[in-house]
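For reference, the structure is listed below as structure tokens.
The values are calculated or read from the model by the stated rules, or taken from the named source; none is laboratory data. Note that the structure is a prediction, hence the values are computed from the model and not measured. Neighbour counts run over all protein chains shown; Cβ positions are idealised from the backbone, glycine included. For accessibility, only protein heavy atoms count, side chains too; no ligands or nucleic acids. Shrake-Rupley method; radii C 1.70, N 1.55, O 1.52, S 1.80 Å.
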Amino acid sequence: PYLKNFKGKIIVDLYNPFNLESLEMFADRDIGERIRIDKSNLNILKLQLVIGDFFICASEKQRDYWVGMLNAMGRINTYNYDDDSTLRKIIDVVPFGIPSQPPQHSQEMKLKQVIPNLREDDKIALWGGGIWNWLDPITAIKAIWEITRHRQDVKLLFLGTRHPDPKLPQMNKCLEAIRLAKELDLYDKFVFFNQWAPYELRQDFLLESDLGLSIHQKRIETEYSFRTRVIDYIWARLPVITTEGDSIAKLVKRFNLGEVVRYQDAQQLARVMESMLTNNSLKEIYKKNMNKIAPSFSWENVAKPLVKFCTEPDYAYDKKKIIELIDQQNQKI
């Protein structure tokens, strides 16, 4: 709340369109509670869109979304347009980045020694983040079940099952995934659920896995998402399998960083996973392509618009003109 009267320059990070996530996160609540949460989210966003001097988001697709909301809040106006007709001075793209240095084992941790029932010759498919309600762990688990019908060396590891923010509820999709793994007799045999991994230790999981998964459902959240975990896969040169429909899927397809699969098609996902895990020459192609694209996602590159604003900070042009008018009026008084 103190930001309402803050006199400095304000950067608003719109990386996560949490209002769209919440539509799915709280879908099991009664309608009155859902409306209350949605209205609260919208009020928070309205405040941020009014007070910000510079806005950043994760992709060009997201930028279109936020430009529309800024326009509705009166921030796409003659002042800001005259200051910069591209509007990049008020909103630009700053996606998640990766360190310039390659990932390294942060400690002597061997997954196949720490996690029971993982064998040295197993192939690990990594679900490199949390299990949120808008994602699709069910299709991934069904794909593993398909694979186990004729081979035993492919395992699925979920990096996190509990959100690090204790205020957020346990996700129903996570509970559903654990239940399905037990029903199919895969739990702790072929499918493993890690509670959470500290940020600095995630590279150990990445380095010891064979492919990275980003599987989601067909939702409006998907279209405006930017799956951070996939950028980590690129950092570790881990071949990617992702579902169609989001900006990351377009990136994977455009630069041939892995494979894009259809929504909720467990059989296709099983075929693609098995092919990727057994075809070494294909994995090398993906890794070479990641070597080419990875530098563009270094923090030094992706943060350039943010660094530029921070080195030459100024109020948004429309806010500056309003402040000037207020100062003139105060002087008259």
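Structure notes:
- SER225 being among the polar types (S, T, N, Q), open to solvent by less than 10 Å² (accessible area, probe 1.4 Å), under 25 Å from LYS112 (Cα atoms) and under 16 Å from the mean Cα position of the chain (by Cα): no
- Residue match in the stretch 56-69 (condition: farther than 21 Å from PHE297 by Cβ, in contact (Cβ under 8 Å) with a residue 24 or more places away in the chain and either open to solvent by 80 Å² or more (accessible area, probe 1.4 Å) or in contact with a Pro (Cβ under 6 Å, 6 or more places away or on another chain) (or both)): no
- Tabulated pairs, the stretch 278-293, first under 16 Å from LYS123 (Cα atoms), second aliphatic (A, V, I, L, M), C-beta under 7 angstrom, 6+ apart or interchain: LEU282/MET276; LYS283/MET276
- Looking across ASP210, ASP232, one residue alone is open to solvent by 20 Å² or more (accessible area, probe 1.4 Å) and of a type in the set (D, E, K, R). It is ASP210.
- Per the conditions (1) assigned to a loop (DSSP other than H, G, I, E, B); (2) open to solvent by 80 Å² or more (accessible area, probe 1.4 Å), the sole criterion not satisfied by GLN170 is (2).
- Members of the stretch 104-127 found to be open to solvent by 20 Å² or more (accessible area, probe 1.4 Å) and of a type outside the set (S, T, N, Q), listed by number: HIS105, GLU108, MET109, LYS110, LYS112, VAL114, ILE115, PRO116, ARG119, GLU120, ASP121, LYS123
- Qualifying residue in the stretch 164-186 (condition: under 28 Å from TYR286 (Cα atoms) and in contact with a helix residue (DSSP H, G or I) (Cβ under 8 Å, 6 or more places away or on another chain)): no
- Selection count, the stretch 179-206, where residues are at pLDDT 95 or above, open to solvent by 40 Å² or more (accessible area, probe 1.4 Å) and in a helix (DSSP H, G or I): 3
- Number of the exception - ALA143 against (1) at pLDDT below 95; (2) over 29 Å from VAL67 (Cα atoms): (1)
- Scanning the stretch 67-81 turns up no residue that is within 21 Å of ARG227 (Cβ to Cβ) and of a type outside the set (Asp, Glu).
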